There are 2 protein chains.
Amino acid sequence: MRILLIEDDTVLGAGVRDQIQAEGHSVDWVGRLDEAGEYLASASYDLVLLDLMLPDGRGLPFLREMRKRGDVTPVIILTALDQISDRIEGLNAGADDYMVKPFDLSELSARLAAVARRYAGNPNPLVTIGDLEIDLAFRSVRRNGKLVALTAREWVLFEAFVQHPGQILSKAQLEERLYAFDAEVESNTIEVHISRLRKKLGREKIDTVRGMGYRLGES
Amino acid sequence: MRILLIEDDTVLGAGVRDQIQAEGHSVDWVGRLDEAGEYLASASYDLVLLDLMLPDGRGLPFLREMRKRGDVTPVIILTALDQISDRIEGLNAGADDYMVKPFDLSELSARLAAVARRYAGNPNPLVTIGDLEIDLAFRSVRRNGKLVALTAREWVLFEAFVQHPGQILSKAQLEERLYAFDAEVESNTIEVHISRLRKKLGREKIDTVRGMGYRLGES
DNA sequence: ACACGGCCTTCAGCTTCCTGTCAGAAAGCA
DNA sequence: TGCTTTCTGACAGGAAGCTGAAGGCCGTGT
């Protein structure tokens, strides 16, 4: 799963990030609400972990704003406020769950598993594209029923297309998904990976939009 | 069923006792191993719930002693989270199941029901994978009808795959199943165990997903 | 108490295969 | 046609994974 962690405490944040990654999910970690907004706008996440007290504002209005925009991404609130009224307010604002700091990392695992389970048994657990069957939760792709082995990078790319059907994704956007911010690549890596994906999944699955990027095929 | 509960924590013990009675079983509850020995000698039980940390000794030697005497009464171990590694030893010592404290009482109900089913002589569900036949309740695997001997750790690993078919399990996740939280393994233990499992069950039963983990094979 | 044996971890060397790079071919565009 | 952009086969370096062997721990039998 792709998870957005919004937390300004560096110690807790690092711990949570490590735990999540250890479970095999990918994490973007930001410490401010304005950053969080940008990330939410530019990528799609399967889960948001939201601290309520941040340097540039409170989390609840941010959450309400999200919901008003129609964003239904599951949100788990992380907070030191342990008062029941806060909890109710949080749930009212559209949170899916609530964890009081300090919490056990194993507790976090349990919640993640719960979300993953829901994610796994969701409206469209299987996305079908032509002869492909994609299971986002299990990270598996079948072509004509046969499991296709995608490498880590290939999966990250393909997942991006599946999560944004119809949308043109630029090479820059795709690179961002593949690499950490600092690390940079000086070559046509994306093109090469796209080429490999096409070979495995079928040429027509990914369209080239000259000068702009790539897009999921129509089929 | 007649159940012997060996547990020194009065709060947990009372909760468990009440739950069991609510399900219509009868319970004897003792807080020490010497008492437990007496009860076992003087009455016969259909199930034993055994805490591992007791005031007058540890539960595992007690369990081993039972098995050595030829006592085959089903035993479910109750253990704290930081003793997960004990559960491996528990399996070795002849436990039938384990529950990590704190556990849900509904989870307890499920295990009771499973034991009751076996007690009633009903068939256990068999999972079939290629030429393998797995009996999760009895912890046995047959390959082409021939019993395959798995060691405790091998079983814990393999069970994880069987319980999550199709899902990629990371080494971190698998390690978590094998070891206590803090316990750290600085080496390729998982790889070694996977290697041995493959040798016993067939190479194709477990797929490697490079950089992500392992997954049950398709076959 | 001692030795034996099974099981587990560690280590080291080996194999596999992922991935970024490049170069030439192909395709789009004017 | 000539220029740009994209595609794709090949390759090398290195990371990730595999596996045989050695050593240690623990429970068991003598």
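The values are calculated or read from the model by the stated rules, or taken from the named source; none is laboratory data. No experiment lies behind these values; they were computed from the predicted model shown. Note: ideal-geometry Cβ built from the backbone for every residue, glycine included; neighbour counts use all protein chains shown. In case anyone asks, the SASA skips ligands and DNA or RNA and just uses the protein heavy atoms, side chains included. Shrake-Rupley method; radii C 1.70, N 1.55, O 1.52, S 1.80 Å.
Of the listed residues B:192, B:141, the order by accessible area with a 1.4 Å probe, largest first, is B:192, B:141. The 3J(HN,Hα) values that the Karplus relation (6.51, -1.76, 1.60; θ = phi - 60°) gives for region A:130-147 are, in residue order, x, 8, 9, 10, 10, 10, 5, 5, 8, 6, 10, 10, 10, 10, 6, x, 9, 5 Hz. Gly and Pro appear as x. Taken over region B:1-45, the convex hull of the Cα atoms encloses 43 Å³ per residue. From the cross-link list A:199/B:205; A:199/B:199; B:171/B:199; A:205/B:171; A:171/B:205; A:199/B:146, which pairs have alpha carbons spaced over 30 Å apart? Correct reply: A:199/B:199; A:205/B:171; A:171/B:205; A:199/B:146.
Per residue of peptide B:57-64, the mean number of Cβ atoms on other chains within 10 Å of the residue Cβ is 0.
Normalised radius of gyration (Cα atoms, divided by 2.2 N^0.38 Å) for region B:1-100: 0.98. Judged by the mean number of other Cβ atoms found within 10 Å, the most tightly packed of the peptides B:204-214, B:151-161 leads the ranking B:151-161, B:204-214. Position residue A:127: other-copy label points at 2.8 nm, ordered by increasing distance, label point 7 Å along Cα→C-beta. Take each residue in A:146-154, count the other chain C-beta atoms within 10 Å of its C-beta, and the mean is 2. Reducing region A:38-62 and region B:1-30 to their Cα centroids gives an inter-centroid distance of 46 Å. Counting protein heavy atoms only and a 1.4 angstrom probe, how many square angstrom of accessible surface do chains B and A bury in total, to the nearest 100? When B and A are taken together, about 1000 Å² of accessible area is lost. Per residue of peptide B:208-218, the mean number of Cβ atoms on other chains within 10 Å of the residue Cβ is 3.
In nanometers and ordered shortest first, the copy-to-copy spacing of the residue A:196 label point, defined 7 Å from Cα toward Cβ, is 3.4.
What translational diffusion coefficient, in µm²/s and rounded to a whole number, does the Stokes-Einstein relation yield for region A:134-219 at 10 °C and a viscosity of 1.306 mPa s, taking the hydrodynamic radius as the Kirkwood radius over Cα pairs? Using the Kirkwood radius from Cα pairs, D works out to 119 µm²/s.
For residue A:146, the distances from its label point to the matching points in the remaining copies are 3.1 nm, ordered from shortest, with each point set 7 Å beyond Cα toward Cβ.
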